[in-house]
1. How do the peptides 32-43, 231-242 rank, highest first, by the average count of neighbouring beta carbon atoms within 10 Å per residue?
2. Counting only residues 5 or more places away or on other chains, whose amide H sits under 5 Å from the amide H of Ser33 once H atoms are built in the peptide plane?
3. Work out from phi, with θ = phi - 60° and the Karplus expression 6.51 cos²θ - 1.76 cosθ + 1.60, the ³J(HN,Hα) of each residue of segment 255-271, listed in order in whole Hz, and give x for Gly and Pro.
4. Roughly how many nanometres apart are two label points built 7 Å out from the Cα toward the Cβ at Asp247 and Ala30?
5. To the nearest 20 Debye, how big is the dipole of the chain about its Cα centre, given +1 on the beta carbon of each Lys and Arg and -1 on that of each Asp and Glu?
6. Give me the percent relative contact order of the chain, please, defined on Cα pairs under 8 angstrom at least 6 residues apart.
7. Once label points are set 7 Å from the Cα along Cα→Cβ at both Phe191 and Leu229, what is their separation, rounded to one decimal in nm?
8. With each run of n ≥ 4 DSSP H residues scored as -39500 (n - 2.57), what mean residue ellipticity at 222 nm is computed for the chain after dividing by its residue count and rounding to the nearest 500 deg cm²/dmol?
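Each reported figure results from applying straightforward, stated rules to the coordinates on display, with no laboratory input. The model shown is predicted, which means the values in this text are computed figures rather than measured ones. Cβ: placed from backbone, ideal geometry, glycine included. Neighbour counts: every protein chain shown.
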Amino acid sequence: MSTSRKRRRALQSRKIPGAAPGTLVVDPNAPVSKVELLAYGPHQQVDLKDLPVSQISEYLTKFPVTWVNVEGLGDLTVLQELGRLFHLHPLALEDVVNLHQRAKVEVYGDQLFIVTHMVTLKEQDGRCHLESEQLSMFLGPGFVLSFQQGLEGDVLNPVRERVRRDNSHIRVCGPDHLAYAMLDAVIDHYFPVVERYGERLEDLEDAILGRPAQSMIAEIHQAKRELLLLRRNLWPQREAVNALIRDPIPLITDETRVYLRDCHDHAMRLMDLVETCREVCSDLMDLYLSSVSNRMNEIMKVLTVMSTLFIPLTFVVGIYGMNFDTSAPLNMPELKWRYGYPACLLVMVLISIGQLLFFWRRGWIFGRR
């Protein structure tokens, strides 16, 4: 199946038009939901995997901060149980299962709903391609609840390691700092991805200047398409972080807003880098067309020089190839001369050498200027 068809199918909504707001319709091909819990305080932390939803409530009251992460959105029962346990708004939970949401921040009572997108580079058939995964977070009093699509790997391992490490600053902070740390990890992971595209474009530029090939057009278009995806992810993400800084949200403390300003600055830098890469992509297409045109001109110049060399030779051969009567009063010169044939060849060689010298002095061949 082509990439464009896969993208169209991914963007199609599974909700029936006219269905009641908040209706949950999960993808039958989505991975099974797996619940992970990481609860912590200044002096202790608990890390559990494949935890039943019914056992989460006891950790919510025991620890200052509880992070519940759900990998995979294929289990409707688990999603509904989590919705009842954390009193999630049905509209927000509907946005969790309907992927490809725009990055945003929404307030639902005493909870904050945040949508962002993680990006990773995956190897396939010896080439890298961009993969985007939606990350939905609920920030509430004493907890952070996150949902992931269930794709292989994520960018949140550095945050998990900081929580597991004793004497870490995050262990003495509230759940708003955990939400910031997750957002910061997501945005910072864009930097190596964008840098990889910068290196890829530099390699393409060197290849185009060396020997342009038609396959490079497809590579340039793929890079432009993936850079557009990065831009679509980053632009609303920057606005979402700015909303967390600007809006008077009680769940976000002033100390965390200081860190969020740094996060917003990283998003701004990434936007500049992505825009620069997109401009380079456009320049590479122009460079490719110019290189192909110059190469075609060089080929045409060589062919023209070769054709020009043979024009006088063809003229001489044509004259001496004419039929005539040798007994007539006006005979063809040198026909009966012993050295007539070698002399004709010598004249043709001298004509060719003279032309080559003329072309060289004019700078048309052999690189003379």
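1. 231-242, 32-43
2. Amide H neighbours of Ser33: Gly74, Asp75.
3. 5, 5, 4, 4, 5, 5, 4, 5, 5, 5, 4, 4, 5, 5, 4, 5, 4
4. 2.3 nm
5. So the dipole magnitude of the chain works out to roughly 1620 debye.
6. Values: 440 pairs, mean separation 46.4, N = 369.
Dividing the mean separation by the residue count of the chain yields 13 percent.
7. 2.3 nm
8. Values: 10 runs with 198 residues, N = 369.
Value at 222 nm, helices only, nearest 500: -18500 deg cm²/dmol.
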